[in-house]
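The values are calculated or read from the model by the stated rules, or taken from the named source; none is laboratory data. Since we're looking at a predicted model, the values are computed, not measured. Using ideal geometry, Cβ is built from the backbone for each residue, glycine included, and neighbour counts are taken over all protein chains shown. Note: accessible area is taken over every heavy atom of the protein model, side chains too, but ligands, DNA and RNA are not part of it. Shrake-Rupley method; radii C 1.70, N 1.55, O 1.52, S 1.80 Å.
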Amino acid sequence: MSPWSVRAALVSGLLACVVAFSRGARADTLQAPYGGKSIPLGDDRVACAAASGGWTLDGGGRSLKPPDAPSAVGTSVELKVAANMTGCGSASRALKLVTIGRAPGIEPASVVLFPDLARVEARGHHLTGVAVIWRSNTTSGTDVCQEPKLDAGEHCTWNIGHGVSASPGSAVLTFLPPGAQAGADVTTFDLDGKQLPPDAFSLTAQHVVLANLLPPDASIDLSTGRGEVALTHPEAVAGVDCGAARCEIVKNDLIVRSLSSNVSSVDVKFRLLPGVALGKGTTLDTTPIAHLGVVHCPMSVLSGAPLRGVDNTRAVVRIEGRCASELPNLHFFVGSDAVNVLESESDSTGANVLLALGNVQGSALSLTAVHSDAPGVAVAVARVDTESAPQTSASLEIPGHRNLSFIPNNRSAIVHVPKLAGRMRLVPLPVEGVYTVSRQGDEYLVTGDPNAAGLAALRFGLRSEALSGALANTDLAVLQSPLQRSVHEANLPVPIGGSALGPNPIVEFSCGVAGRGTVRVMPGVTEHLPFESRDNCRVIFHRERLPPEYGTQKLNLDIEVLDSDGASRGEGHVAETIVLRPGGTPLFAWIQGVKAPFDRVVVKISHAADEAHYVGALEIQTGAPEVKWTTVLGTGHARLYATTTIPTGLYRFGDKQHSGVLSLSFGVVSRLTWLGSDGHEGFLGLEGGIMAIGLTNDQSATGQSLTQVGAVTGLGISVPIANRSTPTQAAINLHGWFEVDISHSSGGGRPTAFIFGPSISIGNVGANL
């Protein structure tokens, strides 16, 4: 019995076991051709209801007749069944009924398998809608014949996957009638209502046509006296003959042992299995002969799989043996195309050669080395699969700020490169006039050129860790990121608040004070300076101290001038945005609007929370300034001033003739009181002045006139009610004075008395002491 017959018998036996098991497990799907005879439901099954979809009950509900119409092909319905009619009330079992087309007639001798072309062909009749199921060691699939060709009957081609066995009868192929389903739970019937056997749908290829037996451009390395090459279809080969050389098939490889070191090629004559042929155009060859080139120097691709579809791809090959010493006389080819040698290095056992491959397109390539003395003879061959270009979507990071959308030109950014499989890696490459690349430990840093403008894409070199020496930093390919980035400075908020407390603040507030020079106001402390320095105060922006790596600063400057009562002086208010760039000289903002002693100047600096300007703008605090200075322009501890006072309701305590209520008086009083740190006067003060007393002809209890002019001195309590510390200040007062009559109107009475009572005063003209 032939091997393919044994294979077919094994497959049929396996299918029989599956179907037997399926029947024992009560198959859930029954399928029959339209117009066929009734099919049995089974000895222990009865239909619990009328069938639908064109199916009709027969034999007391224990058989079914398929639909008669061809339009029912491919449709399926469900039917409730039970062991008997009494069990139908609680029936939960259901059968799936599928209507299929007529079984095709396939001519067995017409079935031809083309494994390299991934197709199978057959002739017969009723092929429209017929499906072929194929299965390889790794995958499976189905293809349907939609429109067969009419050529001495019907002729159809089905597409199958690669990897199907090329041994006749070994390929696992199955055909299905139109609309049919496959599975372990499916039972199929013919037109006569008979169940079909397991092998009824097996499709056996009687002929196999191969496209090749060896890989394209195959050669064999006999530098050690023994070489091997993989066969594309070892299962289809019965034997080989290599003439003077010895050869054999071991597993999937052709093993050749040379009898002479001068052999340049080996002719391999293949004996194929019956039914297998090698297609050569329109002819078939059952005993093909392959011309196998012999190489005598081991050569391998040291740098890994080259990239395809990339310009200027390179590869490093390792060549050993006698060819290494003759490297200057060797020429290298990819197929029939010559490639240039860019660089090489030799050692005691061989040589590493850097080759410029150009733009590689195929999924694999074969590198050949030939000697200049024998250009038609290959001395070394290396084959390698190619790979598609890896992803190069790298990200940039400034510490604390990931995924930058630009290349900074005032500081370095860390380049995060995707990891590659194996020993390959991507390395950022500089672009002259656009950006530079440096390395810090295991990280690569990129810095934009200060004069660059526009958009740029990062470039990367593909390098292999398998390379060493002079070729260790060889770029095997140059790749470009798909992302275009602009080149500009990275603006980060400079720590103004922190520097304001140090010796070299970036922004400072200072005032010029006579005798003290320039006084620097420190944040967080209220500085008291003389009022005379009011025109010498300024905010200084030290551009020369701004580190370039922080970029351009966008600052909010807020200046407020308040009087001693806390009211804002509008002419001193400033609210502006300051753009600060690194420079050689500082910028100044002078304080204005200070009008009176003890006016308070408050200066606030904060970063503008502008997302279009700053990197990480969302982290900028907006509820409070980053730095704040406060100074009070006034340093007096006491104040002496004059004011007009209008007492009403004073009471004069003197002798009996000169005591009484003084309804209205008027005078000028000088007042000495202390000053608080905020310039507010003390409520108690020493007072002295001249008063016109009793202007309304007030009289004592004895009828004596109380009108007189007196000099007063004593204490007073004063509470300003308007225009504090200004010439128009208004206040209410309570006085306790000793009075001396200087108008000599006492009429012989005592010239002195004590006066007590309230008054209203207007004016505050004096000086701070």
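Could you please find all residues in region 108-130 being at negative phi, in a loop (DSSP other than H, G, I, E, B) and either free of Cβ contacts under 8 Å to residues at least 40 places away in the same chain or open to solvent by less than 30 Å² (accessible area, probe 1.4 Å) (or both)?
Taking region 108-130 and keeping what is at negative phi, we get 108-117, 119-123, 125, 127-128, 130.
Subsequent filtering for residues that are in a loop (DSSP other than H, G, I, E, B) retains 111, 115-117, 127-128, 130.
If the condition is that a residue be at negative phi, in a loop (DSSP other than H, G, I, E, B) and either free of Cβ contacts under 8 Å to residues at least 40 places away in the same chain or open to solvent by less than 30 Å² (accessible area, probe 1.4 Å) (or both), then VAL111, PRO115, LEU127, VAL130 are the ones that fit.
Suppose we filter region 669-689 for residues that are exposed (fewer than 15 other Cβ atoms within 10 Å of the Cβ) and in a strand (DSSP E or B); how many remain?
Counting residues in region 669-689 that are exposed (fewer than 15 other Cβ atoms within 10 Å of the Cβ) and in a strand (DSSP E or B) gives 2.
Being in contact with an Asp or Glu (Cβ under 8 Å, 6 or more places away or on another chain) and either part of a strand (DSSP E or B) or of a type in the set (A, V, I, L, M, F, W, C) (or both) is the filter; apply it to region 295-310 and report the residue that is surrounded by the fewest Cβ atoms within 10 Å (Cβ to Cβ). Show your work before the answer.
Of region 295-310, the ones in contact with an Asp or Glu (Cβ under 8 Å, 6 or more places away or on another chain) are 295-299, 305-308.
This time we only want the ones that are either part of a strand (DSSP E or B) or of a type in the set (A, V, I, L, M, F, W, C) (or both), so: 295, 297, 299, 305, 307-308.
On the way: VAL295: 24, CYS297: 22, MET299: 28, ALA305: 18, LEU307: 23, ARG308: 20.
Filtering region 295-310 for residues that are in contact with an Asp or Glu (Cβ under 8 Å, 6 or more places away or on another chain) and either part of a strand (DSSP E or B) or of a type in the set (A, V, I, L, M, F, W, C) (or both), the one surrounded by the fewest Cβ atoms within 10 Å (Cβ to Cβ) comes out as ALA305.
Would you mind stating whether ARG538 is surrounded by fewer than 16 Cβ atoms within 10 Å (Cβ to Cβ) and either of a type in the set (Phe, Trp, Tyr) or assigned to a strand (DSSP E or B) (or both)?
Working: surrounded by fewer than 16 Cβ atoms within 10 Å (Cβ to Cβ): no; either of a type in the set (Phe, Trp, Tyr) or assigned to a strand (DSSP E or B) (or both): yes.
Spelling it out, it is not the case that ARG538 is surrounded by fewer than 16 Cβ atoms within 10 Å (Cβ to Cβ) and either of a type in the set (Phe, Trp, Tyr) or assigned to a strand (DSSP E or B) (or both).
Tell me yes or no: at least one residue of region 560-569 is among the aliphatic types (A, V, I, L, M) and without any contact (Cβ under 8 Å) to a residue 24 or more places away in the chain.
Within region 560-569, the subset among the aliphatic types (A, V, I, L, M) is 561-562, 567.
Filter again for without any contact (Cβ under 8 Å) to a residue 24 or more places away in the chain, leaving 567.
For region 560-569, residues among the aliphatic types (A, V, I, L, M) and without any contact (Cβ under 8 Å) to a residue 24 or more places away in the chain: present.
Those residues that are among the hydroxyl-bearing types (Ser, Thr, Tyr) and either open to solvent by less than 50 Å² (accessible area, probe 1.4 Å) or touching a Cys at 6+ places or on another chain (Cβ under 8 Å) (or both), I need them from region 30-78; list them, please.
Hits for region 30-78 are TYR34, SER38, SER63.
Being open to solvent by less than 20 Å² (accessible area, probe 1.4 Å), closer than 28 Å to GLU78 by Cα and out of contact with any helix residue (DSSP H, G or I) (no Cβ under 6 Å at 6 or more places or on another chain): is that true of GLY193 here?
Numbers: open to solvent by less than 20 Å² (accessible area, probe 1.4 Å): yes; closer than 28 Å to GLU78 by Cα: yes; out of contact with any helix residue (DSSP H, G or I) (no Cβ under 6 Å at 6 or more places or on another chain): yes.
Yes.
Sort out which residues of region 345-375 are open to solvent by 60 Å² or more (accessible area, probe 1.4 Å) and either outside any loop (DSSP other than H, G, I, E, B) or among the hydroxyl-bearing types (Ser, Thr, Tyr) (or both), and write them in order of number. Step through it out loud before you land on a result.
Going residue by residue through region 345-375, those that are open to solvent by 60 Å² or more (accessible area, probe 1.4 Å) are 346-349, 359, 361, 363, 373, 375.
The answer is SER346, SER348, THR349, SER363, PRO375.
Assess whether LEU462 counts as being farther than 17 Å from GLU549 by Cβ, at pLDDT 95 or above and either part of a loop (DSSP other than H, G, I, E, B) or not basic (Lys, Arg) (or both). Walk me through it before giving the result.
Numbers: farther than 17 Å from GLU549 by Cβ: yes; at pLDDT 95 or above: yes; either part of a loop (DSSP other than H, G, I, E, B) or not basic (Lys, Arg) (or both): yes.
So LEU462 passes the test.
Among VAL186, VAL209, VAL164, which is closer than 18 Å to GLU235 by Cβ, touching a residue at least 60 places away in the same chain (Cβ under 8 Å) and crowded, with 16+ Cβ neighbours inside 10 Å?
Numbers: VAL186 fails: closer than 18 Å to GLU235 by Cβ; VAL164 fails: touching a residue at least 60 places away in the same chain (Cβ under 8 Å).
Being closer than 18 Å to GLU235 by Cβ, touching a residue at least 60 places away in the same chain (Cβ under 8 Å) and crowded, with 16+ Cβ neighbours inside 10 Å holds for just one of VAL186, VAL209, VAL164, which is VAL209.
Would it be correct to say that ASP190 is over 24 Å from LEU273 (Cα atoms) and at pLDDT 90 or above? Steps first, please.
Working: over 24 Å from LEU273 (Cα atoms): yes; at pLDDT 90 or above: yes.
It is true that ASP190 is over 24 Å from LEU273 (Cα atoms) and at pLDDT 90 or above.
Given the residues ALA711, ALA767, which is the only one that is of a type in the set (A, V, I, L, M, F, W, C), assigned to a strand (DSSP E or B) and closer than 16 Å to ILE646 by Cα?
Details: ALA767 fails: closer than 16 Å to ILE646 by Cα.
Answer to the check: ALA711.
Return the only residue of THR313, THR392 being in contact with a Phe, Trp or Tyr (Cβ under 9 Å, 6 or more places away or on another chain) and open to solvent by less than 30 Å² (accessible area, probe 1.4 Å).
Within the list THR313, THR392, the selection yields THR392.
Among the residues of region 376-418, which ones are closer than 30 Å to GLU228 by Cα, charged (D, E, K, R) and either in contact with an Asp or Glu (Cβ under 7 Å, 6 or more places away or on another chain) or in a loop (DSSP other than H, G, I, E, B) (or both)?
none
Quick one: which residue in GLY498, GLY502, GLY515 is without any contact (Cβ under 8 Å) to a residue 60 or more places away in the chain, more than 47 Å from the chain's Cα centre (by Cα) and either assigned to a helix (DSSP H, G or I) or surrounded by fewer than 15 Cβ atoms within 10 Å (Cβ to Cβ) (or both)? Steps first, answer last, please.
On the way: GLY498 fails: more than 47 Å from the chain's Cα centre (by Cα); GLY502 fails: more than 47 Å from the chain's Cα centre (by Cα).
After applying the criteria, what remains is GLY515.
Could you say whether any residue in region 261-269 is without any contact (Cβ under 8 Å) to a residue 12 or more places away in the chain and either among the small types (Gly, Ala, Ser) or not in a strand (DSSP E or B) (or both)?
Step one: of region 261-269, the residues without any contact (Cβ under 8 Å) to a residue 12 or more places away in the chain are 262.
Then drop every residue that is not either among the small types (Gly, Ala, Ser) or not in a strand (DSSP E or B) (or both), which leaves 262.
Within region 261-269, one or more residues are without any contact (Cβ under 8 Å) to a residue 12 or more places away in the chain and either among the small types (Gly, Ala, Ser) or not in a strand (DSSP E or B) (or both).
Residues are listed down the side, and each one gets a yes or a no for (1) open to solvent by 10 Å² or more (accessible area, probe 1.4 Å); (2) among the β-branched types (Val, Ile, Thr); (3) assigned to a loop (DSSP other than H, G, I, E, B); (4) modelled with pLDDT of 95 or more:
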| position | (1), (2), (3), (4) |
| --- | --- |
| THR436 | yes, yes, no, yes |
| ALA453 | yes, no, yes, no |
| ALA470 | yes, no, no, no |
| ASN473 | yes, no, yes, no |
| LEU483 | yes, no, no, no |
| ASN491 | yes, no, yes, no |
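Considering only region 574-591, state which residues are closer than 18 Å to SER533 by Cα and loosely packed, with under 15 Cβ neighbours inside 10 Å. Reasoning before the result, please.
Residues of region 574-591 that are closer than 18 Å to SER533 by Cα, as a first pass: 588-591.
Across region 574-591, the qualifying residues are PHE588, TRP590.
It is to be established whether one or more residues within region 79-94 are crowded, with 16+ Cβ neighbours inside 10 Å, modelled with pLDDT of 85 or more and not in a strand (DSSP E or B).
There is no residue in region 79-94 that is crowded, with 16+ Cβ neighbours inside 10 Å, modelled with pLDDT of 85 or more and not in a strand (DSSP E or B).
Within region 627-657, how many residues turn out to be open to solvent by 20 Å² or more (accessible area, probe 1.4 Å), farther than 30 Å from GLY502 by Cβ and either in a strand (DSSP E or B) or free of Cβ contacts under 8 Å to residues at least 24 places away in the same chain (or both)?
10
State whether one or more residues within region 558-573 are in a loop (DSSP other than H, G, I, E, B), open to solvent by 40 Å² or more (accessible area, probe 1.4 Å), within 27 Å of VAL446 (Cα to Cα) and in contact with a strand residue (DSSP E or B) (Cβ under 6 Å, 6 or more places away or on another chain).
For region 558-573, residues in a loop (DSSP other than H, G, I, E, B), open to solvent by 40 Å² or more (accessible area, probe 1.4 Å), within 27 Å of VAL446 (Cα to Cα) and in contact with a strand residue (DSSP E or B) (Cβ under 6 Å, 6 or more places away or on another chain): absent.
Answer yes or no as to whether GLU465 is in contact (Cβ under 8 Å) with a residue 60 or more places away in the chain, open to solvent by 30 Å² or more (accessible area, probe 1.4 Å) and among the acidic types (Asp, Glu).
Considered against the rule, which asks whether it is in contact (Cβ under 8 Å) with a residue 60 or more places away in the chain, open to solvent by 30 Å² or more (accessible area, probe 1.4 Å) and among the acidic types (Asp, Glu), GLU465 comes out as no.
Between a first residue in region 234-247 that is surrounded by 12 or more Cβ atoms within 10 Å (Cβ to Cβ) and a second residue that is among the aliphatic types (A, V, I, L, M) and not in a strand (DSSP E or B), which pairs have beta carbons less than 6 Å apart while being 6 or more apart in sequence or on different chains?
GLU235/ALA166; ALA236/ALA166; ALA236/LEU273; ALA238/LEU273
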